[in-house]
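Here's the structure, in C-alpha cells; my notes come after.
The values are calculated or read from the model by the stated rules, or taken from the named source; none is laboratory data. Since the structure is predicted, the reported quantities are computational estimates derived from the model, not experimental observations. FYI the Cβ positions are ideal-geometry reconstructions off the backbone, even for glycines, and counts take in every protein chain you see.
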Amino acid sequence: MTACLHAGAKHKGEHRVSAPSIRRRSVTAGLLAAALPLPAIAQGTSPGKRGGDVIVAQQAQPPTLDAQVSNAQASRNITLHIYESLYTRDEAANPKPELAEGVDIAPDGLTYRFAIRTGVKFHNGKTLTSADVKASMQRYARLGDSRDVLKPVAAYETPDSKTLVMKLASVAPGLIDAISSPRAPFVIMPEEECGKPLGQPALIGTGPYSFVEYKPDSHVKLVRFDGYTPNTAFSQRDGFTGRKTAYFDSATFRFMPEGGARTAGLQTGEIHVLESLDVPAAKRLKDDPHIHSFTMMPWAFLTLEMNTNWGLTSNLDFRRAVQSALDLEEIMAIASDGLYRMDPAWQYPGTRYYPGMAGLDAYTRQDQAKAKKLLQAAGYKGEELIIVADNSFKPHMDTGTIASQQLRAVGVNVKLNVTDWPTSMATRSKPEGWNLWPDMMGMEPYEGPYNVLGFFGGKQTVQIKQDPVIEQCNADLASKLKLEDRVAAVATFQARMYDQAIAVKVGDLGIIQATRSNVVNYAPYRIPRMWDCWFA
Amino acid sequence: MLRLAGVRLLAAVPVLLIVSLLSFGLTWLVPGDVAAELAGPTASAAEIEQIRTELGLDRPPLQRMLAWYGGLLHGDLGRSVLLNQDVGQAIVERLPVTLSLAGLGIAFACLIGTPVGLVAAAKVRRWPDQAAMGASLVGLSIPDFWLGLLLVWVIGVKLQWLPTGGFVPISLDPLGWARCMIMPAGALALTQVGPIARMTRSAALEVASSDFIRTARAKGLAEPRVFVRHVLAASLVPVLTIVGIGFGVSLSGALVIEQVFSLPGVGRLVIGAVLRRDWPVIQGGLLLTACVFVAVNLLVDLLYLWADPRLRGSS
C-alpha cells in the first residue's frame, strides 16, 4: 500500500486522543484566546486592500538570514516570508505540502517521491525545478541545523523537472515531520545559491515577500513579490502554508531590544505588529481601542532539566526529592506573569502523539514531607545544589529563583548562578558543575515528539548521562512505521521522564502578540504572518 | 603642542595593546561562542558543535590571536559571522550615530550646565544657588535608562511630540534625524548637567575671589559682563576637564540609551556582540573605545593649552 500525504489529506492511522482535563489558571482576562492546535481560522472571504508598509517589531535581531542554518525565532520571523519548503506545518501543526503537491511513500518506507508544484517562480524570475529542490536538500544535509534527520537519505534523484525522489538507506517514518518543521526550515533556494558557504547565499526564495535590505541593529526590509504563485490546492492561509496573499507593499522588521520602547511604539502607531507583548503591558492596554491583543496558548514548555551525571542529581532519590519539593503552579504563575496552564504531558493535548496524563498526578503534587524523606534516603548532608539560570529570558530566571526558594524550604543548600544566556548554555553543556537548568522548549513541542525526545537522547543529551529507555524510545520513534507504535514510544518516554525524574515539566507558557487595530484579518501564529492581512 | 600630541599618541600604543590582549583573554575566560547564537536557543550540543567546526571556532586560541593581530597590522579587524560584515565597516557605519549622540548630549549638557553653574556662583547661598544645586543633584542621581523610558512615555506616547525610537540618517532627512536624536541626547545630557553645573560653580567661586575680578568690578564693569567675560574664561580649565570626562561618560551612557531608543550605534553593536559572543566585534569595539578615550583625553589636553596660555610654556 502506498501512503499519500497530499494537500488536505488526513494522515493514515491518525491517532486521536480525547481532550484532557488540563487545569487552567488565571490566563489574562479580556484577551482573545487562540489555543494550539489552532482551529481553522475563519478567514475573511472578501479580498483585502493592497498597500502600505507594515512595521513589525521584534526583540532580537536575527543571528543570520541563512534560514537553513539557524533555529532562532528572530530569523524565522523574517525568512519564512522569503522562503518556502517542500512541506511545512498547517494551523494545527500538522505537516502539509507547500512547494510539493504531495508525496508518495513506498510501502517499505524507503522511497519518497515528491511531486513539485509547477509554475512556481523564484524572486529572481527563475522557475522552480526539482534540481533546485535537490540542491537545497543536499545543502541542508551539509550545513542545516537539523541535518541529522536527512542521514537516512542515501540518494536524491530527479527523474524529471517536477519530481524529486529520496532513496533512504533505512526507514525514517518521521521524515515528513522533520522536513516540514519550521524550526530551522528546510527552505528551497535556487540551485546556483546552494554551493555557497554558510551565511553567503543571496536571499532568493519563492515566498510572498522578497528581500530588499538588512541593516544590522536596525531592520530588515521586504517587498511584496508580485510574481508570487499562490498554492491553489488551498482556499485560504493555513499555518505556514495555504493560499497566501501578500497585501502590504512592504514589510519592515525592526529590532527593538527594549520592551517598554516596543510597547510605546505600538501605542503611538509607529509599529503595527508586535511579535510579543509583555503580559503586564497587555493587561494595561486591554481597553485601548487602537490595539488588538492575541493570546497564543500554548507557546512553550517550561522545564527544569537535571544533570543525572554529576553530584547530587546523579542520585535518583535526590532527583525525586526535587520533584516533590516543587510547587509547579507557583513557579508558572510568577514565571509567566499569569499566562500559563498546568499541563504535565510531554506533548500538547490534541496532537497526534499526545501520550495522555494517566498516573502523572503523583509526580506533580508538591509534598514537602515526602521530599524530606527522599532527601534522607538519598543520604543528603547539606551539600551544595547548583542551579544555573540565565537572565536573558525572564521565565528562566524566575524558575531558577523560585525553585531555589522552594528547595531551601525543604532543607536543600542551593546555590543559584545567574548568568547571561551564552554562559548558561556553555555551563550546562559541561558534564559537571551544574545540577538544575531551567529551559523553555518552544518550537520542539509544536513540531511533535522528535526533537522533544531527541533533546533527552543521543551522545550529547541534555541530562548528560544517556538513559537506555529513552534511547530505545528515540530508536522506536525513528523506525516504527505504525503511528500507534510511535505514540507508545512517546508514552514510554513520558513515564520514564517522571519515574526517573530526568527533568521537571513545569507547565505550558503562553505569549501575547499584538497589532494596531488598523491591521485587518491578522491571526496569531508561531511567527507574525504578514500575508492575508492588510491595512483598513 | 605638537610634541605633547606626539608623546600622548605614543603612550597610547601600549594602552591599546593591553586592551586588545585583555579582550583576547576574555574570549578564553568567558564561556560561550557565536556558534550557539547562530544555531539558535534550542539547538542541541551536537548541532552547536557542528557549526563550531564549520566556522573554524575549534582552532587553538593562540592561532586565532595571531591571525587577528596579523589582520590588524593590515587594518583588518576581522569579520563578524553574525553581521555578515567586516568589523571595521560595521563600526565605521555606526560610529557617526554614537559620536553624534554623545556629542549632542554633552553639548546640551554644556549649554544648560554652564549658565546654571554661573548663576549659582553669582547668587551664592541664595535661592537660585540652592535650587540649581538641588536640581543638578537630582539630575546626577537619575539613571539615564530610566530617564530615557520616562521621556519615551511622556514626550513620545503621551504628548506624541517626538518618535519613541528609531533612527533616520542626517543625509536622508536632517529634520527626521533631529527628531530622532533630541530625546536620547536629552536623556544623556540631563545626567551630565549636574557635574558640569557644580564644577562651573565651584571654579567660578574660586575665580570670583581673585584680585583681577575685584579690579574688574572696581573699574565699574557690569556684573553679568564680569562673570561671562572674566570669571567664565578663567574657570574654563577645570570645566573642560569635567566636560572631557563627561564625554567619555556619555559614550558609555550611549550604550544604554541606544538600546532604549533603538539607535543603531556602536554601543548597541557592542552590547549585542557581548550577548551573542561575537568576539571579533567585541575586540574591535573595545579597541575603538580605547582609541576614542585616548583621542578625547588628548583633545582636552590641547584645549587646556588653548584656554590657559600659562600652561603653554610648561607643555
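In segment A:279-293, what residues are under 21 Å from A:Phe393 (Cα atoms) and buried (at least 20 other Cβ atoms within 10 Å of the Cβ)? If the condition is that a residue be under 21 Å from A:Phe393 (Cα atoms) and buried (at least 20 other Cβ atoms within 10 Å of the Cβ), then A:Val279, A:Ala281, A:Ala282 are the ones that fit.
Taking the conditions exactly as written (of a type in the set (D, E, K, R), more than 14 Å from every other protein chain (Cβ to nearest Cβ) and farther than 21 Å from B:Ala11 by Cβ), does B:Arg217 satisfy them or not? The answer is yes for B:Arg217.
For segment A:316-351, the set of residues classified as closer than 21 Å to A:Ile470 by Cα, touching a Leu at 6+ places or on another chain (Cβ under 7 Å) and not aliphatic (A, V, I, L, M) consists of A:Asp317, A:Phe318, A:Arg320, A:Pro344, A:Tyr348, listed by residue number.
So which residues in segment A:251-285 are part of a loop (DSSP other than H, G, I, E, B) and either more than 9 Å from every other protein chain (Cβ to nearest Cβ) or in contact with a Lys or Arg (Cβ under 8 Å, 6 or more places away or on another chain) (or both), if there are any at all?
A:Met256, A:Pro257, A:Gly269, A:Ile271, A:His272, A:Glu275, A:Ser276, A:Leu277, A:Asp278, A:Leu285
The set of residues from segment B:36-67 being part of a helix (DSSP H, G or I) and surrounded by 22 or more Cβ atoms within 10 Å (Cβ to Cβ) comprises B:Ala36, B:Glu37, B:Leu38, B:Ala39, B:Glu47, B:Ile48, B:Ile51.
Considering (1) within 14 Å of chain A (Cβ to nearest Cβ); (2) modelled with pLDDT under 90; (3) closer than 25 Å to B:Thr289 by Cβ, the lone condition that B:Phe247 does not fulfil carries the number (1). Scanning segment A:203-235 for residues that are aliphatic (A, V, I, L, M) and either in contact with a Pro (Cβ under 8 Å, 6 or more places away or on another chain) or under 28 Å from A:Gly448 (Cα atoms) (or both) yields A:Ile204, A:Val220, A:Ala233. Annotation note: of A:Ala358, A:Ala369, the sole residue that is surrounded by fewer than 18 Cβ atoms within 10 Å (Cβ to Cβ), away from chain B (no Cβ under 14 Å) and modelled with pLDDT under 95 is A:Ala358.
Quick check on A:Tyr140: is it of a type in the set (Ser, Thr, Tyr), closer than 25 Å to A:Ser70 by Cα and within 14 Å of chain B (Cβ to nearest Cβ)? Yes: the conditions hold for A:Tyr140.
Among the candidates A:Ala491, A:Ala389, the residue that is assigned to a strand (DSSP E or B), among the small types (Gly, Ala, Ser) and in contact with a Pro (Cβ under 6 Å, 6 or more places away or on another chain) is uniquely A:Ala389. All conditions but one from (1) farther than 27 Å from B:Trp177 by Cα; (2) part of a helix (DSSP H, G or I) apply to B:Thr289; the one that does not is (1). So which residues in segment A:222-251 are surrounded by 21 or more Cβ atoms within 10 Å (Cβ to Cβ) and under 26 Å from B:Gly156 (Cβ atoms), if there are any at all? Residues satisfying the conditions are A:Phe248, A:Ala251. Just one of the numbered conditions (1) outside any loop (DSSP other than H, G, I, E, B); (2) out of contact with any Ser or Thr (no Cβ under 9 Å at 6 or more places or on another chain); (3) of a type in the set (A, V, I, L, M, F, W, C); (4) at pLDDT below 95 is not true of A:Leu481: (1). From B:Leu111, B:Leu82, B:Leu95, B:Leu101, which residue is within 14 Å of chain A (Cβ to nearest Cβ), surrounded by fewer than 17 Cβ atoms within 10 Å (Cβ to Cβ) and not β-branched (Val, Ile, Thr)? Only one candidate passes the filter, namely B:Leu95. Within segment A:411-419, does at least one residue satisfy the condition of being within 14 Å of another protein chain (Cβ to nearest Cβ), within 22 Å of B:Arg277 (Cα to Cα), under 19 Å from the mean Cα position of the chain (by Cα) and crowded, with 18+ Cβ neighbours inside 10 Å? Checked against the condition, which is being within 14 Å of another protein chain (Cβ to nearest Cβ), within 22 Å of B:Arg277 (Cα to Cα), under 19 Å from the mean Cα position of the chain (by Cα) and crowded, with 18+ Cβ neighbours inside 10 Å, segment A:411-419 yields no hits at all. Taken over segment A:143-177, the residue count meeting the criterion of being in a loop (DSSP other than H, G, I, E, B), within 14 Å of another protein chain (Cβ to nearest Cβ) and out of contact with any Gly (no Cβ under 8 Å at 6 or more places or on another chain) is 3.
Is it true that A:Arg142 is within 20 Å of the chain's Cα centre (by Cα) and surrounded by fewer than 21 Cβ atoms within 10 Å (Cβ to Cβ)? In short, no. Any chance segment A:204-221 includes a residue that's within 14 Å of chain B (Cβ to nearest Cβ) and hydroxyl-bearing (Ser, Thr, Tyr)? Within segment A:204-221, one or more residues are within 14 Å of chain B (Cβ to nearest Cβ) and hydroxyl-bearing (Ser, Thr, Tyr).
Taken over segment A:426-446, residues that are more than 10 Å from every other protein chain (Cβ to nearest Cβ) and surrounded by fewer than 21 Cβ atoms within 10 Å (Cβ to Cβ) amount to 3.
Given the condition among the small types (Gly, Ala, Ser), in contact with a Pro (Cβ under 7 Å, 6 or more places away or on another chain) and either closer than 30 Å to B:Trp153 by Cα or surrounded by 15 or more Cβ atoms within 10 Å (Cβ to Cβ) (or both), answer yes or no: does some residue in segment B:204-226 qualify? No, there is no match, as no residue in segment B:204-226 is among the small types (Gly, Ala, Ser), in contact with a Pro (Cβ under 7 Å, 6 or more places away or on another chain) and either closer than 30 Å to B:Trp153 by Cα or surrounded by 15 or more Cβ atoms within 10 Å (Cβ to Cβ) (or both).
Out of everything in segment B:236-265 that is closer than 18 Å to A:Met256 by Cβ and part of a helix (DSSP H, G or I), what residue ends up being nearest to the chain's Cα centre (by Cα)? Going through the qualifying residues, I end up with B:Ala254.
Test A:Gly379 against the criterion of being in contact with a helix residue (DSSP H, G or I) (Cβ under 7 Å, 6 or more places away or on another chain), in a loop (DSSP other than H, G, I, E, B) and among the small types (Gly, Ala, Ser), and give yes or no.
For A:Gly379, the condition - in contact with a helix residue (DSSP H, G or I) (Cβ under 7 Å, 6 or more places away or on another chain), in a loop (DSSP other than H, G, I, E, B) and among the small types (Gly, Ala, Ser) - is not met.
I'd like the full set of residues that are among the hydrophobic types (A, V, I, L, M, F, W, C), touching a helix residue (DSSP H, G or I) at 6+ places or on another chain (Cβ under 7 Å) and within 11 Å of another protein chain (Cβ to nearest Cβ), limited to segment B:44-79. Result: B:Ile48, B:Ile51, B:Leu55.
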